[in-house]
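The values are calculated or read from the model by the stated rules, or taken from the named source; none is laboratory data. Note that the structure is predicted; figures quoted are calculated from it, not measured. Cβ coordinates were reconstructed from backbone atoms using ideal geometry, including for glycine residues, and neighbour counts include every protein chain displayed.
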């Protein structure tokens with residue numbers, strides 16, 4: 001794979017994504033899609049001979065496009081990694097495409113309870129921290145994207161204004177792990193307020209994640 005061209009795809013968790021396979025043939029019966037992640041020692045075979053592998057945990061979210069692209073629904077941060085599309089004709093490999101999928105994901109602290117019937121109660125006057133992280137395959141570190149491609153992670157408000165300029169927000173960025181955190185004390189008027197984490201490369205917006213604060217009648221914090 002040394003020197004091979006890699007397609008980089010940036011997406012936010014919760015969205016749907018299409019991973020291209022440029023070596024598509026007239027049909028996709030010879031298409032194989034494999035997946036590698038930093039946490040796994042061996043590749044997972046997602047598609048073999050144009051047919052989904054039912055043994056994979058996320059097979060219900062996968063589908064093969066008419067152009068042999070791999071479609072993944074409802075992306076999670078665990079979907080990040082390295083995807084390989086290969087085509088075979090009469091047992092002979094005709095070409096290989098490499099796609100690196102980068103996933104932008106936001107988590108909140110204090111977090112919601114694991115119980116579906118309750119949420120962690122947060123009321124105005126309490127502090128909340130939102131952590132926005134770009135999950136990338138190990139071969140492409142955050143430092144690489146910052147230095148070579150001008151990667152920026154920003155927290156902005158509904159008008160797109162950088163919250164770094166507002167003293168009520170504490171913003172910290174870690175280039176080691178591609179994490180930008182927003183910490184603030186909640187106000188009464190924060191109900192229905194939207195904060196957005198944006199990812200830009202060379203000043204071009206690639207993807208973003210929105211968080212909207214909602215107080216329920218019980219003064220609980222709900223995040224959509």
Looking only at the range 210-217, decide whether some residue is more than 27 Å from residue 80 (Cβ to Cβ), assigned to a strand (DSSP E or B) and assigned by TED's automatic domain parsing to the domain that holds residue 129. yes
Tally the residues that are over 18 Å from the mean Cα position of the chain (by Cα) and within 20 Å of residue 13 (Cβ to Cβ), restricting the search to the range 123-155. 2
Looking at 69, 107, which one is under 30 Å from residue 125 (Cα atoms) and modelled with pLDDT of 90 or more? 107
Long-range neighbours under 6 Å by Cβ, at least six apart or interchain, first residue at positive phi and touching a residue at least 12 places away in the same chain (Cβ under 8 Å) within the range 53-74, second surrounded by 14 or more Cβ atoms within 10 Å (Cβ to Cβ) and part of a loop (DSSP other than H, G, I, E, B): 68/21; 68/24; 68/28
For residues in the range 194-205 being surrounded by 15 or more Cβ atoms within 10 Å (Cβ to Cβ) and under 19 Å from residue 131 (Cβ atoms), which is farthest from the chain's Cα centre (by Cα)? 195
Go through (1) exposed (fewer than 12 other Cβ atoms within 10 Å of the Cβ); (2) at pLDDT below 85; (3) over 18 Å from the mean Cα position of the chain (by Cα) for residue 49 and report which single condition fails. (2)
Report whether or not residue 163 is in contact (Cβ under 8 Å) with a residue 40 or more places away in the chain and surrounded by 14 or more Cβ atoms within 10 Å (Cβ to Cβ). no
Which of the residues belonging to the range 15-33 are at pLDDT 95 or above and farther than 11 Å from residue 97 by Cβ? 15, 16, 17, 18
Residue that is nearest to the chain's Cα centre (by Cα) [pool: residues in the range 60-109 that are closer than 30 Å to residue 185 by Cβ and in a strand (DSSP E or B)]: 103
For the range 118-159, what are the residues that are surrounded by 13 or more Cβ atoms within 10 Å (Cβ to Cβ), part of a loop (DSSP other than H, G, I, E, B) and at pLDDT 90 or above? 151, 157
